[in-house]
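The values are calculated or read from the model by the stated rules, or taken from the named source; none is laboratory data. Just so you know, these numbers come straight off a predicted model, no measurement behind them. All Cβ positions, even for glycine, are placed from backbone atoms using ideal geometry, and neighbour counts span all protein chains on display. In case anyone asks, the SASA skips ligands and DNA or RNA and just uses the protein heavy atoms, side chains included. Shrake-Rupley method; radii C 1.70, N 1.55, O 1.52, S 1.80 Å.
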Amino acid sequence: MNLKKLFTRTHVGLIILLLTLSILSLLTFQNRGNIKRTNEIRLNSYGIASHLRKTSIDLTRYCRTYVLTGDSTWEDKYLKKLDVHYGNKPRPNGRIISFQDSLKKFDFTKEEFFLLEKASQNFNNLIAIEKVAMNATKGLFNDGSGNFTGKGTPDIAKAHSVLFDDRYYENKALIMNSIEEFYQVFKPRIQKSVQMYDTYNYWLIGIINALIFSIISISTISFFVIKNKIILQLDELKKTKIIADEKAKENRKLSVAVEQSANSIVLTDIKGNIEYTNPKFSKLTGYTASEILGKNQRILKSGTQPKAYYTKMWQTIKSGKTWKGEFHNKDIRGNLFWEQVTITAIKDDEGKIINYLGIKEDVTNRKRGEEELLKAKEKAEESNRLKTEFLNNMSHEIRTPMNGILGFSKMLLDSDVSEEKRTNFVNIIQNSGNQLLQIIDDILEISRLETNQVKVKEEEVCLNDTLLELFSIFDIKAKENKTPLYLKKSLSDKQSTIFTDKKKLNKVLSNLLENAIKFTDRGSIEFGYFLKNNRVELYIKDTGAGIDLEDQMLIFDRFSQTEKDLSKKAGGLGLGLSIAKENIELLGGEISVVSEKEKGATFFVSIPYNPIFKDDENDDSKYEYTILIAEDEEVNYLFLEIILIEEMKLNCNILHAKDGEEAVEICKNNPEIDIVFMDIKMPKMNGFDATEQIKKTLPKLPIVALTAYSTSEDKEKAIHVGFMDFISKPINNEALKSKIKLYLRQLKEIKSLKTL
């Protein structure tokens, strides 16, 4: 190609590239305008929803203040705010526009428009309620036609009732819920638009940069090509001789460089059969030159890379292009190694490919380092994420009780606060302080555990007493949550006395019981223990929210919380189960969980069984009596159990039924029962019906009624259905002991007659 043609083609190409660059630049500016408009729509739409929310909050505050104080200033503020909302008066920026007109200005979807309309409708419902309260304060009432023309005595109590009843709060919540739903629907849609424009802008800028680079490259290359062509034509004859002289010299240098190269160099034919290798190749692969010559390159394949990878490589080099990539190969001993490879086609004078030249660099150590760095990076990022989440959560958890302490402390300074409210404020401050103290204790505890500052202090511990203490504490909390709490013990007090760290065990069980009550809003909670493989298996079983299978191993990790929605409602730093796990491990035990989503969870705590009294055997066959206590209140059951075993020292096996149906089933499956103490008022089946069922199969079984009903009619009914006696609640200890002794003496006489 002569210089004239080369210059013309270069000039035309640059003009085309510049025109394309101009068009793309215009498109970029246009796209930026789209992004700006979309963001303005988003801000204005958020402003509409925010205006409705703030207006509702301000109107509630103005209305309540007016009702509480009677100051007409607040009524004026209320009416002015309402006029601004309905477009009757200008806003702070001078514009006069109603909320409904604002909605029509934007291209909302049907669902978004519906949610804002729904919020506006609930807003109007709230306005109607507030007008009733304000008019009642002035002595104006609805005349039946919707107008407040009826006059009477101001009814402040009614105004208070209207503004603070459930209906008012429900309408207020409906406004906020509709606005939140609007945000959840509108935000993804508008973000998708912004993301689309951003992506489009990204590609435009990328293409523009590529065009700029191409223009610069073409201009530079064209300059040097044209310059070289001119110089070449002038110096061609002079350089011919110099090139010929240097060629032989360069060939000698090239040969030495190839032989001494730190990289492997391989020359193959067009089928990949090896024709030459340098010494570095032999050192890396273990194959000598004589062993490898004539063999195909595939002898080095490890089989870890897909066939398509090699297919693409062959397509590239067969087209005459240079291929760069990595091979995962194996040496003569089967050891794997990585190579950074560049393969170039060698052509003859006619442009036909006659050989392939491969230059390979051993990058095995680099790859290993990269893998280790990647793992370390991922681990560091995960650790940083967890700690960041923990710190954010800790900040929230600390600020929450601090708000309560500071806020209500300030209210205590108000001399007009009633004594009742002052007492409530003090209780709130104390509860907030206790909550803050618990948070600080958890942080200090995890810090001590991390630095191995926590030591085990073993002592004699009676598991029965420890669990009973926990029951007495958490039964109150469970009753407040309307969740029955049950305690199961498997050993006598003597057998349950072991060596362990009571403080740590008590802390772990308290944490698990606290969680069970926190996340159980239906059903019941049961905790207790049993012996298994010379270990004490303590358990806390609830019927609460449950835990997903994939989260069951994560819940014991530090700084982690599963079920974020529930955790946000209940609070916490995500340290409780981690602290429990590490404390149990210090005791030589383990903690685990068995759970299913929405079907509750059972936490198991396993610790070594180190009994104080090793010669005491757990032999059920030595029991003299078998007694069934049918009682749905766990406290009442424990009271009877303590009287029978600890105070009367009876050698008996006690069975527990929590309702009438369970009592019938236990009697059916345990004919050896000697006596039944039956509560009258129980769930599922009451004591009267349960006794009638039992008497059908066991007519001679003694059954004693335990009930708060003490009328003569109740006693007659109890005797009629088959009760042998009637004990009224509250139970007198001495009277109960006396009656039990009488029953047991009669049982002994019956048993002695049976043996004759």
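Taking every residue in the range 696-718 that is within 20 Å of ASP632 (Cβ to Cβ) and among the β-branched types (Val, Ile, Thr) and pairing it with any residue that is open to solvent by less than 20 Å² (accessible area, probe 1.4 Å) and part of a helix (DSSP H, G or I), at least 6 positions away or on another chain, the pairs with Cβ-Cβ distances below 6 Å are ILE703/THR691. Listed conditions (1) out of contact with any Ser or Thr (no Cβ under 9 Å at 6 or more places or on another chain); (2) surrounded by 15 or more Cβ atoms within 10 Å (Cβ to Cβ); (3) closer than 30 Å to PHE186 by Cα; (4) among the aliphatic types (A, V, I, L, M) are all met by LEU116, apart from (1).
If a residue must be polar (S, T, N, Q) and surrounded by 12 or more Cβ atoms within 10 Å (Cβ to Cβ), how many such residues does the range 78-98 contain? So that I can check it myself, show each step before the final result.
Step one: list which residues in the range 78-98 are polar (S, T, N, Q), which gives 88, 93, 98.
Okay, now just the ones that are also surrounded by 12 or more Cβ atoms within 10 Å (Cβ to Cβ), so 88, 98.
Residues that pass the stated criteria total 2.
For beta carbons closer than 8 Å, sequence separation of 6+ or different chains, a first residue in the range 159-187 that is in contact (Cβ under 8 Å) with a residue 24 or more places away in the chain and under 15 Å from MET134 (Cβ atoms) and a second that is surrounded by 15 or more Cβ atoms within 10 Å (Cβ to Cβ) and among the basic types (Lys, Arg), the qualifying pairs are LEU163/ARG64.
Could you name every one of the helices (runs of 4 or more DSSP H) located completely within the range 242-339 that has at least 2 residues being more than 59 Å from the chain's Cα centre (by Cα)?
Values: elements: 279-285, 289-292, 307-318.
Output list reads 289-292.
Of all positions in the range 701-719, none carries a residue that is in contact with an Asp or Glu (Cβ under 8 Å, 6 or more places away or on another chain), open to solvent by less than 50 Å² (accessible area, probe 1.4 Å), in a helix (DSSP H, G or I) and modelled with pLDDT under 85. Taken over the range 500-530, the residue count meeting the criterion of being open to solvent by 60 Å² or more (accessible area, probe 1.4 Å) and either modelled with pLDDT of 90 or more or in a loop (DSSP other than H, G, I, E, B) (or both) is 4.
Cβ separations smaller than 9 Å between residues 6+ apart or across chains give no pair from the range 193-212 residues that are at positive phi to residues that are open to solvent by less than 50 Å² (accessible area, probe 1.4 Å) and in a helix (DSSP H, G or I).
Residues checked against (1) open to solvent by less than 20 Å² (accessible area, probe 1.4 Å); (2) farther than 30 Å from ALA133 by Cβ; (3) without any contact (Cβ under 8 Å) to a residue 24 or more places away in the chain:
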| site | (1), (2), (3) |
| --- | --- |
| PHE7 | no, yes, no |
| HIS11 | no, yes, yes |
| PHE29 | no, yes, yes |
| ASN39 | no, yes, no |
| ILE48 | yes, no, no |
| HIS51 | no, no, no |
| ASP58 | yes, no, yes |
| ASP76 | no, no, yes |
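Matching residues to (1) modelled with pLDDT under 85; (2) surrounded by fewer than 19 Cβ atoms within 10 Å (Cβ to Cβ):
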site	(1), (2)
GLU617	yes, yes
TYR625	yes, no
ALA630	no, no
GLU641	no, no
ILE645	yes, yes
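Take the residues in the range 354-367 that are more than 44 Å from the chain's Cα centre (by Cα) and surrounded by 15 or more Cβ atoms within 10 Å (Cβ to Cβ); name whichever of them is farthest from GLU275 (Cα to Cα). The residue in question is ASP362. Restricting attention to the range 168-214, the residues that are charged (D, E, K, R) and over 25 Å from the mean Cα position of the chain (by Cα) total 5. One residue alone among LEU742, LEU736 is within 15 Å of ASP674 (Cα to Cα) and either open to solvent by less than 70 Å² (accessible area, probe 1.4 Å) or at pLDDT 80 or above (or both), and that residue is LEU742. When VAL605, VAL594 are screened for being in contact with a helix residue (DSSP H, G or I) (Cβ under 8 Å, 6 or more places away or on another chain) and either at pLDDT 60 or above or buried (at least 16 other Cβ atoms within 10 Å of the Cβ) (or both), only VAL605 passes.
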